[in-house]
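Taken together, the values in this text are just the output of simple stated rules run on the coordinates, not laboratory data. These numbers were taken from a predicted model, which means no experiment stands behind them. Don't worry about glycine lacking a Cβ; one is built from the backbone with ideal geometry, like all the others, and counts go over all protein chains shown.
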Amino acid sequence: MINSKLETALNNNKFAITAELAPPKGTDFSRILGIAQELFQYVDAVNVTDFQSASVKATSLALCIELANRGIQPVLQITGRDRNRIAIQGELLSAAHFGIQNILCLTGDHPTSGDNPEAKPVFELDAIGILKTAETLMKGIDLGRNELSPPFPQFYCGAVTSPEYSPIELELIQMKKKIKMGAKFFQTQGVFDIKTVEDFSNQTKDMNTNILIGIIPLKSPGMARFMNRKVPGIEVPDNLIHLLEKSSNKTEEGIKIAADFIMELKDRKICNGVHIMAIGAEDNVLKILDKAGLIG
């Protein structure tokens, strides 16, 4: 099995970079595979969303398999929203068969927030339960204490967290539970303020884990205000909104804001890396990395 490039980077104290891609709402993977092929020489893993925003798309596992077959190491996102414990275990075993090691465990948004709001949720296992499931499978048994046939899967498991959550004490408790169940790294909700990262770094410094700060490139002042109103755990500062308002090219300004923030995070050494979530504008990730001095 190929060793996880992401795990190696984090274990060697390299400033790790992951980039998020979404499977298509359809059957043509060509565009997203082309972007992933360009990205992988500059990132440590390509993170594939799992029915992002509770909306119907091709599966995370399908795109991860396509990536793995091309030598691109993915992070398989898997949520508890749509699957019971049998399906989750089957999906993890299938991922292991294709050499997929990096797993991001999430509870998932409720179906009422997505494009099929009448769908029935499952939620038998939350993120902590999925982490425990992965750890159990690696020991050669399933959740029913039934033995697996070797070779047993090997996963590098992560979870998500939100530095802007209030009260932060509850989020820190959840992080500790996830670490106990096997989380080796965390990808955060989008962050835009350096002091938030500094505070979070101090609050988590004794947790013995790796934290990748979420980077969301802003496209417009309206997008920033919408996230402030509607997305829990995100707070875009007013000064960044004003920068976007004054700019004649708001997309380029958003790319610059993201790149400058990444450079500051890297220079200050207050996190283990970044996770870039371009949300439908994946073509801009390379531009961000270039402006941040992370290409070449």
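Within the chain, antiparallel bridges make up roughly 5 percent of the DSSP beta bridges whose residues both belong there. Full extension of the chain between TYR42 and ILE86 yields a length gain of 12.2 nm, computed as 0.36 nm times the residue separation minus the alpha carbon distance. Using the rule -39500 (n - 2.57) for each DSSP H run of four or more residues, divided by the residues of the chain, the 222 nm mean residue ellipticity is -12500 deg cm²/dmol.
Rounded to the nearest 10 degrees, the inclination of helix 127-138 to the longest alpha-carbon principal axis of the chain is 50 degrees. Spin-label model, GLU124 to ASN13: label points 7 Å out along the Cα-to-beta-carbon direction sit 4.4 nm apart.
With both labels modelled 7 Å from their Cα along Cα-to-Cβ, the ASP28 to ASP267 distance reads 4.3 nm.
Centroid-to-centroid, using Cα positions, the stretch 81-139 and the stretch 223-269 are 31 Å apart.
With respect to the chain, whose longest principal axis is taken over its alpha-carbon atoms, helix 194-204 is tilted by about 30°. Pairs spanning more than 18 Å between alpha-carbon atoms, out of LYS178/LYS205; LYS219/LYS246; LYS178/LYS266; LYS132/LYS180: LYS178/LYS266.
If you count, for each residue, the other Cβ atoms within 10 Å and average over each peptide, how do 233-241, 99-107 line up from highest to lowest?
Result, highest mean first: 99-107, 233-241.
The angle between the Cα long axis of helix 168-180 and the main principal axis of the chain comes to about 40°, on a 0 to 90 degree scale. With a simple spin-label model that places each label point 7 Å from the Cα along the Cα-to-Cβ direction, the separation between SER166 and THR112 comes to 2.4 nm. Short-range pairs are left out: with C-alpha atoms under 8 Å and at least six residues apart, the relative contact order of the stretch 36-155 is 25 percent.
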